[in-house]
Amino acid sequence: MSEPPAISPFAAPGQYADTRRMLADTIDRRADDIERRWLERVQKDIVATGREIPPTELRDGIGEYLARIARAIRGGGSIAGGGSAAWSDVAREHAVTRVRLGFDIGQLVHEFILLRRILFDVTQEESLTANALQSEWLADLIEAAIATAVKSYVESRDAADRRIRSEHIGFLTHELRNPLTTATMAATRLRRKAEIPEAHKDTLDMLDRGLNRVRSMIDGILLTERLEAREMECRPVDITFGHLMAEATRAAEFEAKNKGIAFTTRYDAAMEIHVDPTLALSALQNVIDNAVKFTDRGHVHVVGDDGPSEVLVHVYDNCDGLAPEALNTIFEPFKRAHSGKAGTGLGLAIARRAVEAQGGRIGADSSVGHGCHFWLAFPKAKH
């Protein structure tokens, strides 16, 4: 075979059409042989680790991918782009299988390296690699597959890890609820006694507050895990902003009055947003209640701004402020930026996940000694 001119593998459509066609035809014709040789190599490596996996599970997606490699080469245009497109809709299924089989990323990448070597061997056997052009085509296609498959693998693995963690936490919190319910029932029975000394009433009040706090912690952990594992169904509806804010600020207004700090709001109650009311309310309450909790003097100010496609809620407070490093972690579970205040460190984590679950955004800025500014963005209703 005469050697074609050495030019970029990203040549314009139509150039070296015969070379493309011959390479694609070879992959189609030898597909079964390529797949068989690939399976043998993969199985050999797996057996060397002491594991046994049926070929039917290992074969997942490779035959279809070979067909699409050939189609991408034959079709012309960008080889690299074609490789990514060829693999994208089967990568996730392949990645899920590899996660289930217990493969790590190194093993996943090694599979594609083996496939590339076998493809090179086959094309050499067919005398189709007289220069670097065909080799670069195949390398670009396999590298595109590796990039897409690795991304899908990481997403699948992380989702599986989140589900397992969520199941473990669900079991633990369920076990915690049993003694919590027993303690609550015991406290209720004591209160029903006809005569309770005043000192004992104070003790029961303390017990009730402690039990309520434990219950809130359990609910917060469960909600955080459900949002993290994407198990919380989002059901957005059109709702007036005023209706949502009236409920979101009720507890904060009461607490601010008790603390002697000013609490003010400014927004158009008639604005309509498209949100899941439960998730949006949870996010707003956590951010606004948090602002009041950590402000000991001055004021908390809540503003709703009507934008072109979203409503921005700004929450300003007079707390002691946050250092730059604290701003990087405050929306993560159990990360508490303030000391000296009771809390679980779940409020802002719940707020972030509740906002993002419905296509919104959340953020914060602050400097030490100058308070905090939190903002939440919710989609507007479309009419």
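None of the figures in this text is laboratory data; all of them are computed from the coordinates on show. As the structure is a prediction and not an experimental result, all values here were calculated from the model. Note: ideal-geometry Cβ built from the backbone for every residue, glycine included; neighbour counts use all protein chains shown.
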Simple SL model, points at 7 angstrom along Cα→Cβ for Asp33 and Asp268; separation in nm is 7.1 nm
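On full extension of the chain, what length is gained from Glu253 through His110, given 0.36 nm per residue of separation minus the C-alpha to C-alpha distance? Don't skip to the end; give the middle numbers.
Working: separation 143, 0.36 × 143 = 51.48 nm, distance 5.95 nm.
Using 0.36 nm per residue and subtracting the Cα-Cα distance, I get 45.5 nm.
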If each residue of separation counts as 0.36 nm, what is the full-extension length gain between Asp205 and Ser309 once their alpha-carbon separation is subtracted?
32.7 nm
Which entries of Lys201/Lys257; Lys193/Lys259; Lys201/Lys259 show an alpha-carbon separation above 29 angstrom in the structure shown?
Lys193/Lys259
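Which FRET efficiency value, to the nearest 0.05, is calculated for Thr56 and Glu125 with the Förster distance at 25 angstrom and r the Cβ-Cβ distance? Please list the in-between numbers first.
Working: r = 27 Å, r/R0 = 1.08.
Between Thr56 and Glu125 the formula returns 0.40.
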Please give the contour-minus-distance gain from Asp25 to Thr329: 0.36 nm per residue of separation, less the Cα-Cα distance, rounded to one decimal in nm.
104.0 nm
